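A short worksheet on the structure shown next.
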Amino acid sequence: MSDLIAPLNEAGVAAAVREAGAMRAPLSIEGHGSKRGLLRPVQAARGLTTRGLTGITLYKPTELVLSARAGTPLPEIEAALAEHGQMIAPEPPDTRGVFGAELPATIGGIVATNLSGPRRITAGAMRDHLLGIRFVNGMGEVVRNGGRVLKNVTGLDLCKLLAGSHGTLGVMTEVTMKVLPAARASATLAIAVPDLATGVRALSAGLTSPFGVTGAALRLDAAGPVALLRLEDFPDFVAYRAGRLRDDLAAFGDVTVIEDSAAIWRDVRDAVPLGAMPEDAIWRISIRPSAAPAVAAALQAAFGARLLLDWGGGLVWIAGPATEAAHAAVMAAAAAARGSFTLFRAPAPMRAAVPVLPEEAPALAAIGARVKAALDPFGLFNPGRMRSSL
Amino acid sequence: MIALPPPKPEILARRDEIVAALLALLPADAVIHEALRMRPYETDGLSAYRQMPLAVVLPSTTAQVAAVMRYCHDNGVRVVPRGAGTSLSGGALPLEDAVVIGMMRMNRILEIDFDDRLAVVEAGVTNLGITKAVEHEGFFYAPDPSSQLACMIGGNVGMNSGGAHCLKYGVTANNLLGLKLVTPQGDIIDLGGDHLDAAGYDWLGLMTGSEGMLGIVTEVTVRILRGPEGARAMLAAFKGTEIAGAAVDAIIGSGIIPVALEFMDKPCIHACEAFAHAGYPLDAEAMLIIEVEGSVAEQDSLLDRIKEICNRFDPISLKVATSAEESMAIWKGRKGAFGAVGRISPDYLCMDGTIPTGELPFVLKRIGEMSVQYGLQVANVFHAGDGNLHPLIMFDANDASSFHKAEAFGGDILKLCVEVGGCLTGEHGVGVEKRDLMHVQFAPHELDQQRAIKTAFDPAWLLNPHKVFPLLDAA
């Protein structure tokens, strides 16, 4: 990108958008650009970054609320929360490894991509913890939606619409998140399961127990598949529940209780156990957990896919050759399971050539085009990012 | 009194033709057009507002909903969706020239899968009906609005309903996987699915809480959760609202998120005690009901920690339930709060603003001052953990000036909520009740942005056009 506009405040973002609107000159929208390789390459000569908009603007630990300007680096927010023993519960991934980025994600970028880690299965996604936003729409107006209170149904929820819209509907300038106390202790049950299907059943058994499992992943290690179930709470609670779960899950395989498991979950969060080769493409499929074994078998048969399961089997990370044939197999497996797929990482020509997300039904696509026009009438924001037509 | 958009005379003139067309699309018993039989549909939980509709239809299938929507779209007929009619904000209030689509016949549970932790139900299944269908396996559907015995899941999606336990489990939006929806044009579309976080725009999130303005939900895929080993409540009474508020801050600051944290002020305590005889302390200025979950040992441990925190705030009394029965007794008064207030006053308005929890003492003080100023009594019950305030303003509906004063008082409370950094509605929705206050929270261009989204779904503004947004002069 030859030209990157980096305003230092919200008014500057609005001015840049108005100027781009007057020139009908589309913009690539980003924070630190750490996920530039996600989805389709953007068709824009100029870029607009929110990295100049930094700083936590409000943090009330006892009200469980934090606001920060969109360009605030995520580690800065996590450090401020840690001082008060709190966290962003969905534990958003650090995708620097996957994309080879140097700078960490910004809070705006994480919200705009709605990326959540292992705790999503019980704590909800980033969008579930988003309380309010300020954003600049395609007319260059600053629009507020949501607020700073935990319960709010006043008007249409544009927060959720913009979360996960990959910067195609507006430029977020500030976000307000619900934050939660971090657990005092955690432990992980690692179950050596005979096969993937048994592993998914073990994860289901954990998630349908009354013990409040907060992570449920399946790693396909060289030594064999390992089902991982995380417990988080006060130390005595964790000890009690680990004991109960160990007894309940013994039938699935040998159970080991790991006391210090933060690194295990950081790796799962960041898809490290996927073992993707640098030249591999990476996909994510979201399905109902019981469909995971069939999806896994189909992809292993099609191209010897490397796999990592999270969210109790409901999220399948896939690595394989960056070919259209492999992509077609992923799309077919997702469709067969009535699930959703994302082409998460691939060389730019491939990302430009294939659908990186499932197509929408015509009636919904028509609504989508009108919604896009309602927020971004001149088509300024990230053209081509999600779909070639949008 | 709230204004409704003027009816279209050409639609009123075509009433017989429209009823005949609906009868051609649906079985005869699914079309109601006689005044006497339409009467139950003229109002909802906000019974101060009434309006007879053009006709009422009661479809049994998504295809029937789509047929009616397509006909209405093609003929310029307005449509008002309705679930159980429990809305406290007038969310189901009809229009004189609108067809009401009542969803109560779509009440089948289509699928339950415990391993995948989901249920697929039609929109007319009641909130509690979902839990009843899964509780034999120890599961439940988490959002629990007070009206859960009657209210329907389709309406819960429309209003993004909450409940007493959403501090831990979230509101409706956090517990959905997918929707089947009929668009204003009569197309049937699926949003989300039976999995988490479908790629693409978050239509599910936009639809939830859209108050029936963007489409009509006919099927809902919800997450069901395995319940905890057990739950137990305690009661803590304090000498001042400010002290109780500080205790709430201290509990949350200690890293404990109770599954429920309810606050009642003195008038509310008295009303509930007279009604339920729950053993509430009548000398307290404020009372908390705190519920925790887990094994018996975990409950004990959490309740001990909370007791220790409350003791720092010089409580008048602390009562920890030792059994499920004692927990139920503690909850009995709170759950009957609306009925209890209904016993001491002929009528009441239930407000629903949310405030930053730190503003609670100030807001309660101001509400007390306004109560004197308006000459109307108010009882406050409050989801303390999340700041969702429910002042119950008592008035006499037979006295028009009393009702107008109550409305003005309620409006002032909601303006105060916005002033201190909160919002107009935490879980009841804007409906018609708070529609004309939207400018207090949003700037004109912010409302226009939301209206433009409505227009994207419903270019002709046929679906619930009189809800949420202040009427435009041009409309």
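The numbers here are math on the coordinates, done by the rules we state, and not lab data. Here the structure is a predicted model, which means the values were calculated and not measured. Note: ideal-geometry Cβ built from the backbone for every residue, glycine included; neighbour counts use all protein chains shown.
Convex hull over the Cα atoms of the range B:362-461, averaged projected area in nm²?
8.0 nm²
Please work out, to two decimal places, the log10 of the ratio I(q)/I(0) at q = 0.19 Å⁻¹ from a Debye calculation in which every Cα of the range A:1-101 carries one identical scatterer.
Debye intensities relative to I(0), on a log10 scale: -1.02.
Debye calculation, C-alpha points only, no solvent: report log10 I(q)/I(0) for the range A:272-390 at q = 0.16, 0.18 Å⁻¹, in the same order as the q values.
-0.78, -0.92
What ratio of Cα Rg to 2.2 N^0.38 Å holds for the range B:1-98?
Values: Rg = 13.1 Å, N = 98, 2.2 N^0.38 = 12.6 Å.
With N residues counted in the range B:1-98, Rg over 2.2 N^0.38 Å equals 1.04.
Where nothing but the Cβ of Lys and Arg (+1) and of Asp and Glu (-1) is charged, how large is the charge dipole of the range A:11-147 around its Cα centre, in debye to the nearest 20? Let's see the in-between values first.
Numbers: 15 positive and 11 negative charges, 98 e Å.
The calculation lands at about 480 debye.
Rg and Dmax of the range B:345-419, using alpha carbons, in Å: what are they?
Expressed in Å, the Cα Rg and Dmax of the range B:345-419 come to 11.9, 38.
Give me Rg/Rg_expected for chain A, where Rg uses Cα atoms only and Rg_expected = 2.2 N^0.38 Å with N residues. Walk me through the intermediate numbers first.
Details: Rg = 21.1 Å, N = 390, 2.2 N^0.38 = 21.2 Å.
Against the empirical 2.2 N^0.38 Å value, I get 0.99 for chain A.
When the distances between all Cα atoms of the protein assembly as shown are binned every 20 Å from zero, what whole-number percent does each bin get?
Per 20 Å bin, starting at zero, the Cα-Cα P(r) for the protein assembly as shown comes out as 15, 49, 33, 3 percent.
Residue A:103 to residue A:19: FRET efficiency via 1/(1 + (r/R0)^6), r the Cβ-Cβ distance, R0 25 Å, to the nearest 0.05? Don't jump to the answer; show the numbers that get you there.
Details: r = 26 Å, r/R0 = 1.03.
For residue A:103 and residue A:19, the calculated efficiency is 0.45.
What value does the range A:185-269 have for Rg/Rh, both radii from Cα atoms and Rh as Kirkwood defines it? Show your work: numbers first, answer last.
Values: Rg = 11.6 Å, Rh = 12.5 Å.
The Rg/Rh ratio comes out at 0.93.
For residue B:92, enumerate residues with amide H under 5 Å from its amide H, sequence gap 5+ or separate chain, H modeled in the peptide plane.
B:87
Taking N as the number of residues in the range B:142-227, what is its Cα Rg relative to 2.2 N^0.38 Å?
1.05
Using alpha carbon centroids, what distance separates the range B:56-80 and the range A:18-61, in Å?
Centre-to-centre (Cα) distance: 42 Å.
Average partner chain C-beta neighbours within 10 Å, per residue of A:369-379? Mind dumping the intermediate values first?
Numbers: counts 1, 6, 9, 2, 3, 10, 4, 0, 1, 0, 0.
Across A:369-379, the average partner-chain Cβ count within 10 Å equals 3.
If the limit is 26 Å between Cα atoms, which of B:307/B:415; A:35/A:372; B:335/B:454; B:168/B:454 go over it? Write out the running numbers ahead of the final one.
Numbers: B:307/B:415 35 Å; A:35/A:372 22 Å; B:335/B:454 36 Å; B:168/B:454 31 Å.
In this structure, B:307/B:415; B:335/B:454; B:168/B:454 exceed 26 Å between Cα atoms.
Taking the convex hull of the alpha carbon atoms in chain B, what volume per residue do you get, in Å³? Before the final figure, lay out the partial values.
Values: hull volume 70.2 nm³, N = 475.
Once divided by residue count, the hull of chain B is 148 Å³.
With the Cα gyration tensor of the range B:231-338 in hand, give its eigenvalues times 5 under a square root as the equivalent ellipsoid semi-axes, listed largest first in whole angstrom. Intermediate results must be reported in sequence, preceding the final value.
Working: eigenvalues 82, 58, 22 Å².
The equivalent ellipsoid of the range B:231-338 has semi-axes of 20, 17, 10 Å.
What do you get for Rg/Rh over the range A:219-286 if you use C-alpha atoms and the Kirkwood form of Rh? Before the final figure, lay out each step's value.
Values: Rg = 14.8 Å, Rh = 14.2 Å.
Radius of gyration over Kirkwood radius for the range A:219-286 works out to 1.04.
Kirkwood hydrodynamic radius for the range B:78-183: how many Å is it when counted over pairs of different Cα atoms? Write out the running numbers ahead of the final one.
Numbers: mean 1/r = 0.0697 Å⁻¹.
With all distinct Cα pairs of the range B:78-183 included, I get 14.3 Å.
Given an 8 Å cut-off on Cα distances and at least 6 residues of separation, report the relative contact order of chain A as a percent.
Values: 895 pairs, mean separation 73.5, N = 390.
The normalised contact order for chain A reaches 19 percent.
Grab every C-alpha pair in the range A:161-230, bin the distances at 10 angstrom width from 0 up to the longest one, and report whole percents.
Taking every Cα pair in the range A:161-230, the percentages come to 17, 31, 19, 25, 7.
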